[in-house]
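First comes the structure, then the notes that go with it.
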Amino acid sequence: MKLVCFPNYTGGALVCDLLNNKTSPFRGSVIASIDHSVFKIGDKGFGVLRECDQAIWSTKVNKFKDFTSWFGTHCHPSIIKLNDFDEIISITTESEQSKWYRFLRAYYIYFEGHINNIEMLDGLIERIFDEFESHPECKNIEFEDIVNGKFVEEYNLNIEHFNEWKGLNSWLYSESDPLLVKHFNKRLKKGKRNAIQKPN
């Protein structure tokens, strides 16, 4: 049994599909993967999930312990018993680019058309800056390296499935709405960070 830890809107379903050599169907720009949600317990919005019901977690572990698949969770690796799993990948959002891509996915998948004022937009951006940091006992992969294809290339994974995901998440790779760029870069300046860039 293997685990992918990831914050929401960072391609957890894509990564589980790729690692399990599956091609789950797309629903809009997201993948309807069963595996990626097996260990989703206690989700609470956009904040990094640093607590979960350990009794429910243990029940899930016992139920799936004989499987060899990759499963997903929004729990940060720091709150789970890591030796229950043969391997753990953590999708991190420590870089500015990873935060930008996560923000774009959140905005275009869920929030577009529902944000009525600048305060709501800035609030969404602020929540994206709750960092899903790396863990020393995991294989840590920045979300930007999933978006730019480095992860698929390094692991020799299904490029066709990845390219379909890219096509359905095309706003990650194109010129962005100037208003989104402006407000995201405003938050970066607040933290004295570099402005975001387009992927190569």
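Contact map, segment 159-188: first residue over 14 Å from Glu96 (Cβ atoms), second residue buried (at least 18 other Cβ atoms within 10 Å of the Cβ) and among the small types (Gly, Ala, Ser), Cβ cut-off under 8 Å, separation 6 or more or different chains; pairs are Trp165/Gly11.
One line per residue, one yes/no per condition, for (1) farther than 23 Å from Asn20 by Cα; (2) touching a Ser or Thr at 6+ places or on another chain (Cβ under 9 Å):
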site	(1), (2)
Ala32	no, yes
Trp70	no, no
Thr73	no, yes
Thr92	no, yes
Gln97	yes, no
Gly113	yes, no
Asn117	yes, no
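Just wondering, is there one or more residues in segment 51-68 that are of a type in the set (Val, Ile, Thr) and touching a strand residue (DSSP E or B) at 6+ places or on another chain (Cβ under 8 Å)? Looking through segment 51-68, at least one residue is of a type in the set (Val, Ile, Thr) and touching a strand residue (DSSP E or B) at 6+ places or on another chain (Cβ under 8 Å). Inside segment 69-106, residues that are aromatic (Phe, Trp, Tyr) and either farther than 21 Å from Asn169 by Cβ or in contact with a Lys or Arg (Cβ under 7 Å, 6 or more places away or on another chain) (or both) make up a count of 3. Would a scan of segment 103-124 turn up a residue that is crowded, with 17+ Cβ neighbours inside 10 Å and of a type in the set (Val, Ile, Thr)? So far as segment 103-124 goes, no, none of its residues is crowded, with 17+ Cβ neighbours inside 10 Å and of a type in the set (Val, Ile, Thr). For first residues located in segment 72-87 and on the phi < 0 side of the Ramachandran plot and surrounded by fewer than 16 Cβ atoms within 10 Å (Cβ to Cβ), partners that are of a type in the set (Val, Ile, Thr) and modelled with pLDDT of 95 or more and lie 6+ apart or on another chain with Cβ distances below 9 Å form the pairs Lys81/Val61; Leu82/Ile88; Asp86/Thr68. In segment 35-50 there is at least one residue matching the filter, namely being exposed (fewer than 13 other Cβ atoms within 10 Å of the Cβ), at positive phi and not hydrophobic (A, V, I, L, M, F, W, C). For segment 28-52, the set of residues classified as modelled with pLDDT of 90 or more, more than 21 Å from Leu157 (Cβ to Cβ) and charged (D, E, K, R) consists of Lys40 only.
The values are calculated or read from the model by the stated rules, or taken from the named source; none is laboratory data. What you see is a predicted model; the values in this text were computed from it and never measured. Positions of Cβ are backbone-derived with ideal geometry, glycine not excepted, and every protein chain shown enters the neighbour counts.
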